[in-house]
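**Student:** Below is the structure I would like to discuss, written out as structure tokens.
Only the coordinates and a few stated rules stand behind these numbers; no lab work does. Everything numeric in this text was worked out from a predicted model, so none of it was measured. Note that we place each Cβ from the backbone using ideal geometry, even for glycine, and neighbour counts take in every protein chain shown.
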Amino acid sequence: MSISARLAELGIELPAVAAPVAAYVPAVVHGGLVYTSGQLPFTAGALPATGKVGAAVDANDAKGYARTCALNALAAAADAAGGVDRIAGVLRVGGFVASVPEFSGQPGVINGASEVLGEIFGDAGRHARAAVGVPVLPLDSPVEVEVTFILA
């Protein structure tokens, strides 16, 4: 099954590629891989929430934002690669969670990204990953995700 067919089956419509907020491009193709820049959980051009996970932002909400980040990353990768069906799988996910010092649930938050990629790609969505707590992210976003995809 093609990735576009799988997305349709799941009822997932990829968002428009988010415009960069600084001096970078959303994704770069190199050596059979597509590297995405860190993606924020933009929905219709705006962040759904700002602040720290464990304080102003609930961990379960942040998990949903990580899912949105992963879909934004897939949209950026597909745009750079010439279409979503050129993406064959996921190599690595890097997740960043702006959180209060006592919050230690970063892996659970970044599961939002990992789980949706698994739903879309099946076994080809299994990946290496980092889930890191940080004091602040761009635009005070609670979550940022970068993904390295494998080209078909």
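**Student:** Full extension from residue 100 to residue 22: what is 0.36 nm times the residue separation minus their Cα-Cα distance, to one decimal in nm?
**Tutor:** Contour length minus Cα-Cα distance gives 25.5 nm.
**Student:** Calculated FRET efficiency, residue 88 and residue 55, Cβ-Cβ r, R0 35 Å, to nearest 0.05?
**Tutor:** The calculated FRET efficiency here is 0.35.
**Student:** Which value, in debye to the nearest 20, gives the size of the charge dipole of the chain about its Cα centre, when Lys and Arg are +1 and Asp and Glu are -1 at the Cβ?
**Tutor:** Computed charge dipole of the chain: roughly 260 debye.
**Student:** Tell me what the chain gives for mean residue ellipticity at 222 nm when only DSSP H runs of n ≥ 4 count, each as -39,500 (n - 2.57), the sum divided by the residue total, rounded to 500 deg cm²/dmol.
**Tutor:** -10000 deg cm²/dmol
**Student:** Net charge near residue 11: determine it from the other residues with C-beta under 15 Å of the C-beta of residue 11, scoring Lys and Arg +1 and Asp and Glu -1.
**Tutor:** Values: positive: 6, 67; negative: 9, 13, 119.
Net of charged neighbours comes to -1.
**Student:** Related question: By how many nm would the segment from residue 6 to residue 134 lengthen if fully extended, with 0.36 nm per residue of separation less the alpha-carbon distance?
**Tutor:** That works out to 42.7 nm of additional length.
**Student:** Then there's this: Please figure out what share of the DSSP beta bridges in the chain is antiparallel and state it in percent, rounded to the nearest 5. Present the calculation step by step, with values, prior to reporting the outcome.
**Tutor:** Details: 18 of 27 bridges.
Just about 65 percent of them are antiparallel.
**Student:** Please list log₁₀ I(q)/I(0) at q = 0.10 Å⁻¹ for the chain, using the Debye equation with identical point scatterers on the alpha-carbon positions.
**Tutor:** -0.30
**Student:** Report the GluC sites (Glu not before Pro) located in region 91-143 that are in a DSSP loop and have at most 15 other Cβ atoms inside 10 Å of their Cβ, or state none.
**Tutor:** 102
**Student:** Ok, one more. Is region 1-88 best put as rounded, prolate or oblate by its Cα gyration tensor, with a ≥ b ≥ c the root eigenvalues, rounded for a/c under 1.5, and otherwise prolate when a/b is larger than b/c, oblate when not?
**Tutor:** Oblate, because a/c is 1.5 or more while a/b does not exceed b/c.
**Student:** Using the alpha-carbon atoms, what tilt in degrees (0 to 90, nearest 10) does helix 106-121 show relative to the longest principal axis of the chain?
**Tutor:** It is inclined by approximately 20 degrees.
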